[in-house]
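Enquirer: Sending over a structure as structure tokens; questions will come in a sec.
Coordinate-derived values only; no laboratory data. Being a predicted model, the structure only gives us computed values, none of them experimental. All Cβ positions, even for glycine, are placed from backbone atoms using ideal geometry, and neighbour counts span all protein chains on display.
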Ligand SMILES: Nc1ncnc2c1ncn2[C@@H]1O[C@H](COP(=O)(O)OP(=O)(O)OP(=O)(O)O)[C@@H](O)[C@H]1O
Ligand SMILES: Cc1cn([C@H]2C[C@H](O)[C@@H](COP(=O)(O)O)O2)c(=O)[nH]c1=O
């Protein structure tokens, strides 16, 4: 049996995580590996239901602490029912966002401390961390242009927050990557999808050998 691996793609809105997740999954499958692609919040029936509650623009929304708890609850279900079983049977899990998004959005953006976010993660998911977190970065104007081409002027509840919030999110992601260079690979994602994919594959060399 091959060793199961857990890879997360992270970064702000519209940096290309889903695109790169699909390309990475195809490349891993071409090597004969079993790959499970998934996303957060979501990936299980329960977590997708929580996603709808978190991202809907209807109603008054959630306070910062309730929001953090809901993300942690969605993650707990996802980890328990999908991620851990897949890793245990030797699959590669490619996940669009994971706990570093909670650290960046609910922590850096929303004001909870990193210890608070990680305490929720310890309770919910026994502190599971990816083997490698690919942090995709682009200039904010590039991400805005990509999102506008994809979504027009619509945004979900969190994506639609102001530029200062998203700047704090981006700064938090960079702090985490600098603090844990062994777990993060920072990939400049402003080039073509193929260029970015080459960077992704290069950063996985240690895990693929
Ligand atoms: N390298 C690239 N160059 C140009 N356009 C890109 C590139 N990568 C992705 N795109 C396009 O930009 C848009 C956003 O990409 P994608 O959905 O992969 O981003 P994302 O980070 O998953 O977004 P979100 O945070 O909203 O989930 C899509 O329309 C996609 O086709
Ligand atoms: C996992 C996670 C996500 N978020 C935010 C980030 C995005 O605004 C949305 C998810 O939308 P996407 O198009 O699927 O990227 O949710 C968050 O704030 N905290 C989290 O832990």
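Enquirer: If I take every Cα pair under 8 Å that is 6 or more residues apart in the chain, average their sequence separation and divide by the length, what percent do I get for the relative contact order?
Expert: On the way: 308 pairs, mean separation 65.8, N = 209.
Normalised by residue count, the contact order of the chain is 31 percent.
Enquirer: To continue, here is another question. Taking every alpha carbon pair in the stretch 39-97, what does the distance histogram look like in 10 angstrom bins from 0, in percent?
Expert: 23, 48, 22, 6, 0
Enquirer: Here is a follow-up. What is the ratio of the Cα radius of gyration of the stretch 1-107 to 2.2 N^0.38 Å, with N the residue count, to two decimals? List each step's numbers first, then the result.
Expert: Values: Rg = 14.5 Å, N = 107, 2.2 N^0.38 = 13.0 Å.
Dividing the Cα Rg of the stretch 1-107 by 2.2 N^0.38 Å gives 1.12.
Enquirer: A follow-up question, please. First check a/c for the stretch 86-209, with a ≥ b ≥ c the square roots of the eigenvalues of its C-alpha gyration tensor; if it is under 1.5, answer rounded, and if not, answer prolate when a/b is larger than b/c or oblate otherwise. Can you show the working numbers first?
Expert: Numbers: a/c = 1.73, a/b = 1.10, b/c = 1.58.
Oblate, because a/c is 1.5 or more while a/b does not exceed b/c.
Enquirer: Mind listing the Cα extents of the chain along all three principal axes, in Å, largest one first?
Expert: Here the spans come out as 48, 37, 31 Å, largest first.
Enquirer: If packing is taken as the mean number of other Cβ atoms within 10 Å per residue, what is the order of 60-69, 164-173, highest first?
Expert: Values: 60-69: 14.5, 164-173: 17.9.
Highest mean packing first, the order is 164-173, 60-69.
Enquirer: Quote to one decimal, in nm, the extra length available between residue 57 and residue 195 on full extension: 0.36 nm per residue of separation minus the C-alpha distance between them. Mind showing how you got there, number by number?
Expert: Values: separation 138, 0.36 × 138 = 49.68 nm, distance 3.48 nm.
Gain on extension, residue 57 to residue 195, equals 46.2 nm.
Enquirer: Ranking request for peptides 115-124, 178-187, 38-47: highest mean number of other beta-carbon atoms within 10 Å first, then the rest in descending order.
Expert: Working: 115-124: 17.3, 178-187: 14.7, 38-47: 20.1.
Ranked by mean Cβ neighbours within 10 Å, highest first: 38-47, 115-124, 178-187.
Enquirer: Return the distance in nm (one decimal) between the two label points of a simple spin-label model at residue 145 and residue 2, each offset 7 Å from Cα along Cα→Cβ.
Expert: 3.6
Enquirer: Using the number of other C-beta atoms within 10 angstrom as an exposure proxy, rank 24, 134, 33 with the fewest first. Show your work: numbers first, answer last.
Expert: Details: 24 21, 134 26, 33 16.
So the ranking, lowest neighbour count to highest, is 33, 24, 134.
Enquirer: Taking the Cβ-Cβ separation of residue 80 and residue 31 as r and a Förster radius of 35 Å, what is the calculated FRET efficiency to the nearest 0.05? Could you put the intermediate results ahead of the total?
Expert: Values: r = 28 Å, r/R0 = 0.80.
My answer for the efficiency is 0.80.
Enquirer: Take every Cα pair under 8 Å in the stretch 105-209 that's 6+ residues apart, average their separations, divide by the length, and report that relative contact order as a whole percent. Write out the running numbers ahead of the final one.
Expert: Values: 64 pairs, mean separation 39.1, N = 105.
Relative contact order of the stretch 105-209: 37 percent.
Enquirer: If you don't mind, another one. How much length is gained on full extension from residue 48 to residue 179, taking 0.36 nm per residue of separation minus their Cα-Cα distance? Working shown, then result.
Expert: On the way: separation 131, 0.36 × 131 = 47.16 nm, distance 3.10 nm.
Stretched out fully, the residue 48 to residue 179 stretch lengthens by 44.1 nm.
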